[in-house]
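The values are calculated or read from the model by the stated rules, or taken from the named source; none is laboratory data. This is a predicted model, so every value here is computed, not measured. Note: ideal-geometry Cβ built from the backbone for every residue, glycine included; neighbour counts use all protein chains shown. With ligands, DNA and RNA removed, areas are computed over all heavy atoms of the protein, side chains included. Shrake-Rupley method; radii C 1.70, N 1.55, O 1.52, S 1.80 Å.
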Amino acid sequence: MNHFGIEMNYDTRILHHGIWMDQVMESSKSDIVFFMDCDCIPLNREIIDLSVQMCENGYLVGNAQVSNHLKAKHMYFCAPSFMAISREYYEKIGKPSAINNHFSDVAQEFTREANKREMRTKMFFPDSFQEVPNGGIWRMAGYGYYGIGTIFHNSIYHLFQSSVGKNEHLFSNACDLVVCGRSSEIQRKHDSKAEHRGLLPIENEYGDFYNETVLDFSSKVRTSAFCECSQHESFSELETNEHK
């Protein structure tokens with residue numbers, strides 16, 4: 001993030017992703033909190049500024065995601081991999097917990113509560129992905145598919161499954177190209193909107209699956225980050241914290 005003029009701070013505590021997000025939202029005094037996973041990067045400064053601006057205008061903003069491992073395969077939600085939320089918005093939706101449960105993945109309750117109250121959400125949908133994840137590519141409900149090295153809105157790159165390790169070279173390459181101002185050269189191997197059934201393995205193929213140990217599912221996060229800002233300060237002066 002230094003490339004975009006945003007200073008990064010690190011927090012090396014080991015916490016469940018949702019618990020950590022709850023602590024951030026509880027302790028932060030900022031007007032807007034911006035969460036990012038360690039393997040998710042903006043491809044340009046404009047997408048960050050746009051997300052903050054939309055938060056100021058009353059939106060919950062984030063990458064689109066679907067929980068295929070739950071009975072929520074058709075519900076789009078703003079994923080915590082790249083998500084911006086204002087303090088005012090958070091309070092209006094009842095300050096829900098980000099901890100995953102039998103109905104929601106991490107931070108999915110934010111979107112659920114927003115939908116109940118008919119509040120505004122803005123989601124960035126996938127354009128392409130590079131490789132097949134362990135277990136098969138993921139359905140994005142009726143929109144299409146996503147997987148390893150997904151590019152959202154032509155502006156955000158998310159590796160996914162970074163803990164596996166075998167695809168780290170893809171992330172390193174993407175970072176190098178962004179720093180060099182050549183993000184358009186990042187490989188876009190598979191079209192997210194194309195039909196890949198019968199061509200690529202698809203996770204579960206609409207099978208029913210749920211890990212009963214709710215807190216352990218999706219809890220093995222390596223690093224997440226958040227940015228904070230007040231409406232009266234420039235985004236270039238934001239302070240960022242990172243959790244591992």
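Here is how the numbers come out for the structure above:
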{"item": "Selection within region 99-115 - farther than 15 Å from L70 by Cβ and either under 14 Å from the mean Cα position of the chain (by Cα) or hydrophobic (A, V, I, L, M, F, W, C) (or both)", "result": "F110, A114"}
{"item": "Among residues of region 12-37, those that are under 21 Å from F171 (Cβ atoms) and either assigned to a helix (DSSP H, G or I) or open to solvent by 40 Å² or more (accessible area, probe 1.4 Å) (or both), counted", "result": "2"}
{"item": "Conditions (1) touching an Asp or Glu at 6+ places or on another chain (Cβ under 6 Å); (2) in contact (Cβ under 8 Å) with a residue 24 or more places away in the chain; (3) on the phi < 0 side of the Ramachandran plot: number failed by E131", "result": "(1)"}
{"item": "Residue ID - nearest to M21 (Cα to Cα), chosen from residues in region 72-99 that are among the aromatic types (F, W, Y) and open to solvent by less than 10 Å² (accessible area, probe 1.4 Å)", "result": "F82"}
{"item": "Some residue of region 106-123 being part of a strand (DSSP E or B), farther than 17 Å from N204 by Cβ, of a type outside the set (D, E, K, R) and in contact with a helix residue (DSSP H, G or I) (Cβ under 8 Å, 6 or more places away or on another chain)", "result": "yes"}
{"item": "Subset of region 100-130 [open to solvent by 50 Å² or more (accessible area, probe 1.4 Å) and either within 23 Å of L15 (Cβ to Cβ) or in contact with a His (Cβ under 8 Å, 6 or more places away or on another chain) (or both)]", "result": "H102, F103, R112, F125, D127"}
{"item": "Single condition E56 does not satisfy, out of (1) touching a helix residue (DSSP H, G or I) at 6+ places or on another chain (Cβ under 6 Å); (2) open to solvent by 50 Å² or more (accessible area, probe 1.4 Å)", "result": "(1)"}
{"item": "Flag for A194 being part of a loop (DSSP other than H, G, I, E, B) and at pLDDT 95 or above", "result": "yes"}
{"item": "Meets criteria (outside any loop (DSSP other than H, G, I, E, B), charged (D, E, K, R) and either surrounded by 14 or more Cβ atoms within 10 Å (Cβ to Cβ) or modelled with pLDDT under 90 (or both)) for E228", "result": "yes"}
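The rows are residues; the columns are (1) under 28 Å from I14 (Cβ atoms); (2) at pLDDT below 95; (3) touching a strand residue (DSSP E or B) at 6+ places or on another chain (Cβ under 6 Å).
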position	(1), (2), (3)
S162	yes, yes, no
K166	yes, yes, no
A174	yes, no, yes
V178	no, no, no
E185	no, no, no
I202	no, yes, yes
Y206	no, yes, no
E212	yes, yes, no
S218	yes, yes, no
